[in-house]
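Please treat every number below as a calculation from the coordinates, not as lab data. Predicted model, so just to flag it, every value in this text is computed and none were measured. Note that each Cβ is placed from the backbone with ideal geometry, even for glycine, and that neighbours are counted across all protein chains shown.
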Amino acid sequence: MFKSWEDEAKKVFGDIDFLYNENIVNDTKNAAKQNNCKLCNITRIDENSDSTSDDLVIGFLFNRFYVNVLTFVRTLRSSNGKCGILFFCDRDYIEHINPRELEELTNCGVRWLVAPKIDTNLIKEPNLIRRLIEFLFLKQYKDHFNRILILDVADSIFQKDPFSKNLPKNKLVFSIEKVQFMNHDWAMNRMKKTDYRNFDQHFWEFKFIINGGLIYGPIKDVYNFYVQMMRPSLVFQPFCCDQSIMAMTYYYGLYTNVFIDYKSTNFISAAYSAFEEMPRKDTYIHEIQSKNAPAVIHQYDRICQVSRYLKDYCPAIGSFQTLPYGRENYFMQLCGNNFSRNNPPIFRPPNLPVFYISIAIITSTTTIVLLCMFQLIQSVFMKRLNKKIFHSVQIPN
């Protein structure tokens with residue numbers, strides 16, 4: 001029987017004393033101020049850079065998965081990121097990291113909260129384990145930091161300070177993958193299993209996929225979101241996907257004080273995006289025909305162009321770096337190719353496109369009949385069509 005999240009966390013981590021470190025707040029803030037990080041080849045100070053040591057970036061590391069860790073940190077510091085950096089891991093992870101890499105991370109101002117162990121028998125989904133530790137951290141330290149960015153470490157890099165003056169000051173910010181549930185079998189199937197009591201495929205079809213690897217906002221607001229998301233009835237059911245319950249929390253209206261960065265102005269989850277071949281004169285790499293370069297590129301290891309750019313922008317310090325870059329076998333957009341090898345589907349706004357209505361007016365058939373016909377054609381043939389076509393349409397504001 002569920003008693004408290006603290007009790008559940010003790011089962012997963014052995015104990016949770018490591019979370020209640022009275023020195024971690026000041027230590028993290030001081031480390032951010034005094035860091036001596038080895039920066040990338042290009043350093044930038046964007047005019048909207050706004051981070052201070054009262055802001056915080058956190059990540060979750062375990063299973064000796066050392067991919068991209070130092071590169072993640074160095075690109076943040078090279079982008080004028082003055083925030084604290086805090087990583088959660090278990091004892092096994094910290095004991096097996098390369099000592100030189102650990103030294104460089106420390107020089108960059110990284111601080112650690114180290115759990116005795118991570119037992120996956122209670123919660124089998126790794127991302128739910130990280131949600132548990134994030135939730136308890138937010139509960140304990142929500143009065144000690146200003147803004148927070150919770151981000152996947154293994155496949156994210158920074159081009160600008162993520163704490164920008166342009167971002168909403170009193171809302172959470174999520175990033176989408178530029179694809180809808182109806183065109184993503186993996187996401188739809190996981191939603192069906194997670195929301196098995198109330199699942200309605202028609203409700204989800206035109207919803208954009210919110211990526212669970214990036215959550216930004218004032219720390220107290222992020223905590224309030226987690227209060228709504230971390231419901232025992234969801235987490236401890238036969239199957240639960242953290243990204244699914246995140247989408248349910250927002251789309252079902254349990255927490256809606258959120259700005260969705262549809263246009264990837266600041267944050268992008270890049271799997272279904274198309275990037276230009278080379279950086280522009282401003283030194284940033286952009287999506288095709290975009291005005292703004294995103295500050296954070298999450299899922300960069302899906303895009304060959306970004307991975308290639310990164311090796312020039314921020315080359316590894318030395319051979320001691322364990323897997324300094326993301327996994328190239330994940331590429332969805334190949335170099336020299338502005339389209340995806342996997343042919344990601346057309347993504348459309350949730351509302352019926354205006355051009356359907358225009359066609360209905362032109363023809364002799366009534367508008368209502370034509371709209372019904374197009375709905376039927378869309379449901380039958382869209383998947384076939386999507387295999388052949390990949391282009392962008394207007395994203396909702």
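When the Cα centres of the range 214-268 and the range 79-149 are compared, how far apart do they sit, in Å?
Result: 19 Å between the Cα centres.
Each residue of the range 185-191 in turn: what ³J(HN,Hα) in whole Hz from Karplus with 6.51, -1.76, 1.60 and θ = phi - 60°, glycine and Pro shown as x?
Going residue by residue, I get 4, 4, 5, 5, 5, 5, 5 Hz, with x marking Gly and Pro.
Applying the Karplus parametrisation 6.51 cos²θ - 1.76 cosθ + 1.60 with θ = phi - 60° to the phi angles of the range 61-73, what ³J(HN,Hα) value in whole Hz is obtained for each residue in order, glycine and proline being reported as x?
10, 6, 6, 6, 9, 9, 5, 6, 4, 5, 5, 3, 6
How would you classify the range 34-128 from its alpha-carbon gyration tensor, with a ≥ b ≥ c the square roots of the eigenvalues: rounded for a/c under 1.5, else prolate if a/b is greater than b/c, otherwise oblate?
Here the range 34-128 falls in the prolate category.
Which of the peptides 208-220, 66-78, 174-186, 323-335 is most tightly packed, and how do the rest follow, going by the mean number of other Cβ atoms within 10 Å of each residue?
Highest-to-lowest ranking by the protection proxy: 66-78, 208-220, 174-186, 323-335.
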